[in-house]
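Here is the structure we will look at.
The values are calculated or read from the model by the stated rules, or taken from the named source; none is laboratory data. Computed from a prediction, not measured in an experiment: that's the story for all the values here. Cβ sites come from the backbone with ideal geometry, for glycine too, and all protein chains shown count toward neighbours. The protein model used for the area step is the full one, side chains on, heavy atoms only, and it has no ligands, DNA or RNA in it. Shrake-Rupley method; radii C 1.70, N 1.55, O 1.52, S 1.80 Å.
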Amino acid sequence: MRLLLTGGCGFIGSAVIRRLITKTEYSVLNLDKLTYAGDPRTVASVADDPRYTFAQVDITDAAAVGNAFAEYEPDAVLHLAAESHVDRSIDGPAEFINTNVVGTFTMLEAARARFETLTGPAKDAFRFVHVSTDEVFGSLALDDPAFNETTPYSPRSPYSASKAASDHLARAWGDTYGLPTIVTNCSNNYGPFHFPEKLIPLVTIKALAGEPLPVYGKGDNIRDWLFVDDHARALITVLESGTPGDTYTIGGRSERTNLDVVNAICDILDVRAGLLPSGPRRNLVTYVTDRPGHDHRYAIDASHIEAELGWTPSVTFESGLATTVEWYLAHRDWWQAILDGNYQGQRLGTAS
């Protein structure tokens with residue numbers, strides 16, 4: 001199968017590509033604009049494989065996207081490319097509307113043109129998997145049931161609103177044009193190669209250096225965490241076995257407050273890197289003014305994908321977090337190059 005994947009030099013997309021090339025027989029065309037968060041080093045381990053192809057393409061460029069479809073003739077599409085950092089969406093929403101809404105429209109139109117040329121088994125097998133976030137559902141109270149496939153949309157930030165719009169486009173192209181679209185909404189991911197503006201890598205790097213750890217509000221915002229390799233496995237499962245027109249919510253069943261996550265990272269580093277002269281790294285936590293529209297709690301009910309497709313998370317939060325922190329300790333050259341280059345984020349946000 002020839003798979004066209006967008007955003008493959010980003011955090012989640014690169015994890016999917018590494019798994020596709022090492023664990024399957026798929027051929028992959030990776031379309032990535034290489035924005036500040038796109039890094040070819042994330043796929044360096046598979047870049048020389050003959051089944052991997054890269055093209056630097058902006059998904060809002062209809063001509064470039066159309067050429068990629070025409071030349072590669074994909075059998076399926078995994079659409080992950082997106083602007084994803086909430087703080088950045090508050091500061092500059094236009095780029096989020098352009099990439100997440102216009103870009104998704106452009107991808108859907110190119111996929112529809114490709115789909116309409118197919119016949120027989122190839123047409124039956126074609127899929128467009130649109131990868132989204134649980135943030136489109138808004139905020140949960142402590143006693144609310146977890147998000148599932150029927151939860152009403154209630155986005156509260158420019159980022160989540162742009163992703164909600166893109167989800168609606170994907171479903172509309174399925175209903176209106178018959179394009180076999182599938183939407184996934186996932187909880188917070190973490191793991192190797194996570195860009196340093198996101199919660200877990202940012203705290204790891206700052207805590208390692210003994211810098212203050214700014215935490216929004218009281219640190220009691222809750223997120224459901226999923227190890228990125230489990231998400232990659234889920235997306236491939238949906239691609240292969242998911243039902244066109246359906247939605248799958250994907251989560252790790254690992255709800256933690258932001259403060260719990262920060263403290264757990266501090267404790268791991270105290271053991272792995274040794275205590276700071278000033279004592280335990282938990283002492284570095286500094287509470288700062290909460291950001292606008294900060295959702296209190298996310299949680300995912302993944303019963304549907306578990307029951308229908310047999311996918312379940314395989315990595316516990318404790319083991320996954322330890323693995324992640326160890327990776328950042330062992331790959332200082334990767335994140336230091338980002339910090340020394342074009343990384344401008346200074347505030348602590350919640351990962352997506």
Using a/c under 1.5 as the rounded threshold, could you call region 69-172 rounded, prolate or oblate? The axes a ≥ b ≥ c are square roots of the C-alpha gyration tensor eigenvalues, and prolate needs a/b larger than b/c, oblate otherwise. oblate
Spelling it out for residue 288: with amide H atoms placed in the peptide plane at 1.01 Å from N, the residues 5 or more places away or on another chain with amide H under 5 Å from its amide H are 215, 216, 217
Identify which of the listed values of Cα extents along the principal axes in Å was calculated from the structure shown: [x] 67, 46, 38; [y] 59, 49, 47; [z] 85, 44, 35. [x]
Can you give the relative contact order of the chain as a percent, counting alpha carbon pairs under 8 Å and 6+ residues apart? 19
Which one, 110, 299, 259, is farthest towards the positive end of the dipole of the chain when Lys and Arg carry +1 and Asp and Glu -1 on their Cβ? 259
Describe numerically, in nm with one decimal, the distance between label points set 7 Å from Cα along Cα→Cβ at residue 278 and at residue 122. 6.2
Listed peptides 329-337, 26-34 by packing density, highest first (mean Cβ within 10 Å): 26-34, 329-337
Treating only the Cβ of Lys, Arg, Asp and Glu as charged (+1, +1, -1, -1), what charge dipole size does region 32-156 show about its Cα centre? Round to the nearest 20 debye. 260
Work from the charge dipole of region 122-177 (Cβ charges, +1 for Lys and Arg, -1 for Asp and Glu, about the Cα centre) and give the residue of 132, 169, 146 farthest towards its positive end. 169
Can you pull the one-decimal nm distance between simple spin-label points at residue 322 and residue 143, each 7 Å off the Cα toward Cβ? 3.7
Helix axis angle, 103-115 relative to the chain longest principal axis, alpha carbon, degrees: 30
Neighbour net charge for residue 187 - beta-carbon separation under 13 angstrom, K R +1, D E -1: -3
Give the lysines reachable from residue 123 as a straight Cα distance under 28 Å; neighbours fewer than 8 places away on the same chain don't count. 23, 163
Please give the helix 11-23 orientation as an angle from the longest Cα principal axis of the chain, in degrees from 0 to 90, rounded to the nearest 10. 60
Which peptide among 317-323, 77-83, 230-236 comes first, and what is the full order, when sorted by highest mean count of other Cβ atoms within 10 Å? 77-83, 230-236, 317-323
Measure off, as a whole percent, the carbon and sulfur share of the 1.4 Å-probe accessible area of the chain, all protein chains present. 52
Mind checking the dipole of the chain: about its Cα centre, +1 per Lys or Arg Cβ, -1 per Asp or Glu Cβ, Debye to the nearest 20? 500
Provide the FRET efficiency to the nearest 0.05 for the residue 270-residue 243 pair, computing r from the beta carbons and using R0 = 56 Å. 0.75
As a test of reading the structure, rank 249, 312 by solvent-accessible area (1.4 Å probe, protein chains only), most first. 312, 249
Using the Cα centre as the reference, give the magnitude of the dipole from point charges on the C-beta atoms of region 95-202 (Lys, Arg: +1; Asp, Glu: -1; all else neutral), rounded to the nearest 20 debye. 320
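Would you calculate a helix-derived [θ] at 222 nm for the chain, using -39,500 (n - 2.57) for each DSSP H run of n ≥ 4 and dividing by the full residue count, to the nearest 500?
-12500 deg cm²/dmol, from helical runs alone.
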Find which of 242, 339, 228 sits farthest along the positive direction of the dipole of region 219-352, computed with +1 on the beta-carbon of Lys and Arg, -1 on that of Asp and Glu, about the Cα centre. 339
Using only Cα atoms, find the angle between the long axis of helix 158-177 and the longest principal axis of the chain, and express it within 0 to 90 degrees, rounded to the nearest 10. 20
How big is the equivalent ellipsoid of region 15-85 along its three axes, where each semi-axis is √(5λ) from the Cα gyration tensor, reported in whole Å from largest to smallest? 19, 16, 11
Output ordering of 6-14, 292-300 (per-residue mean of other Cβ within 10 Å, highest first) is 6-14, 292-300
